[in-house]
Every structure is written in C-alpha cells, then in structure tokens.
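Peer 1: The structure follows.
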Amino acid sequence: MVREEIIRLENVSFSYGQKEFLKDINLSIYKDDFLGIIGPNGGGKTTLLKLVLGLLKPKKGKIRVFGKTPKEGRESIGYFSQFKDIDFDFPITAFEIVLLSRVGKKLFKRYTRQDKEAAEKALKDLGIWHLRDNKLSELSGGEKQRVFIARALANEPEVLLLDEPMSNLDMHIQEEFYGILRQLNKKISIVLVDHDLEMLSKHAKEIVCVNKCNTHTIRYHDIDELKMREICNV
C-alpha cells in the first residue's frame, strides 16, 4: 500500500547566525501518521516544526507542505506550542480562545455560524464543551491544555503539530491525553515533540530523532525505550 506523503523536507539545513543547527535533513510525513520527535534539549526539534510551518526559512534545501510552500500550506496545519507568554489571568473564556483561531488573516472578521460550530465541535472532541464559559484562570493545567489543542483543531487541519504538550502534567493526565490523540489520529495526522520515551514507545507509530544536526527515522515497533535512548543518545 502506497502511503500518501503530505510533508517533505529534502536536504534541509538551518543556521542561527554562523552556527549550523540542522544539517541535510530528509524527512517525509504521511497521511495518518502518529510521529514522535525526540532528541536532546537544544537539538533542533522545535526548529524543525517552525521550518515546516514557514516561521523559519532553511539555509538550503526544499520543504513542501501539501505540495505547497510552508507558508501556503500551513493553513492545513494545526499547531500547539508550549505554554509560553500566555496570560492565564486574561478575562477570556475557553470558547472565546478557541473561536479566536477562526480569525485567520481578517483582523476585524465577524464570526459566522460555521466558525461557532467549528469551535463547538473542537471543544466537544476534546471533551470540554461543558467548560466553554469558564475563564482560563478557572481551569486546571490539563483543562487549559485541552482548550489550546481545541484551538489548534478549530480550523479543521489535516495535520496537528504539538511541541511538548505534556510539559508539567502528571502521568494520569498524560495517559488520558495520549488517548485523545489516538482518537484524533483516526481523522488527522499527528506530529508530536515529547521527551517521554516510555509514552512515545506505547503510542506513537514511528519516531524521528533530531540529534547533533542530523535526523534519523526509526521504524521501531519492536524497539523499546532503552534501545531508542541508545540509538538517539538521549
């Protein structure tokens, strides 16, 4: 069976100033993938995601996202980054947070019924529709996480990129969240950066290791956490 490629990186290199950060990356992401990205801190995992999103430009090489440039293709991508620079005391509800993702490029857009239905569906898919009127400050860490995943889903993407979404969450919430991702993976592709090799070894279909500039793909169904650590030096 031929797999449908949706994202491709060909001989991609990236530098911060004079320092080479990623070198000659070749990677394919396919429809229905549940792909884990691992590697040491500062190894380039987040940079890789930003290159796919078109937020950074490669020094050399080619990136295609659904057959387009990253900037053109990212309308088909949902993105969840780590909780940084978010004011959780800002008086905005869970529903409003998700609805904001429908603004797109129109600064003063009026929300349509379709926008509101998409936000409602995303919240329901994450099991938090009952929290729609809650302020961010009233939500637990796991609930906040689900709200921002719902926000990434509200634009009905074909692939979801997640950058360490499990940070600072306890094991029970992580297990529950991976269960949600498995359900979402029946409809969309998942690309997930995570440090928890044990969790990834149980749930991801494949692993990509970003380490010392290079990327190594492991088709690892028979490779356990210890073997992944040995291969990737993490």
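Every read-out reported here was derived from the displayed coordinates using simple, explicitly stated rules and does not represent laboratory data. The structure displayed is predicted, hence computed values, not measured ones. All Cβ positions, even for glycine, are placed from backbone atoms using ideal geometry, and neighbour counts span all protein chains on display.
Peer 1: Ordered by residue, what ³J(HN,Hα) values in Hz, to whole numbers, does the stretch 186-201 give under the Karplus form 6.51 cos²θ - 1.76 cosθ + 1.60, where θ = phi - 60° and Gly and Pro are x?
Peer 2: Result, ordered by residue: 6, 10, 9, 7, 10, 10, 10, 8, 7, 8, 7, 5, 5, 5, 4, 5 Hz.
Peer 1: Of the trypsin sites (Lys or Arg not before Pro) in the stretch 110-149, which ones lie in a loop per DSSP and count no more than 13 other C-beta atoms within 10 Å?
Peer 2: Those that pass, being in a loop and sparsely packed, are Arg110.
Peer 1: Taking a 26 Å limit on the Cα-Cα distance, which of the listed pairs Lys19/Lys68; Lys62/Lys121; Lys45/Lys205 fall beyond it?
Peer 2: Beyond 26 Å: Lys19/Lys68; Lys62/Lys121.
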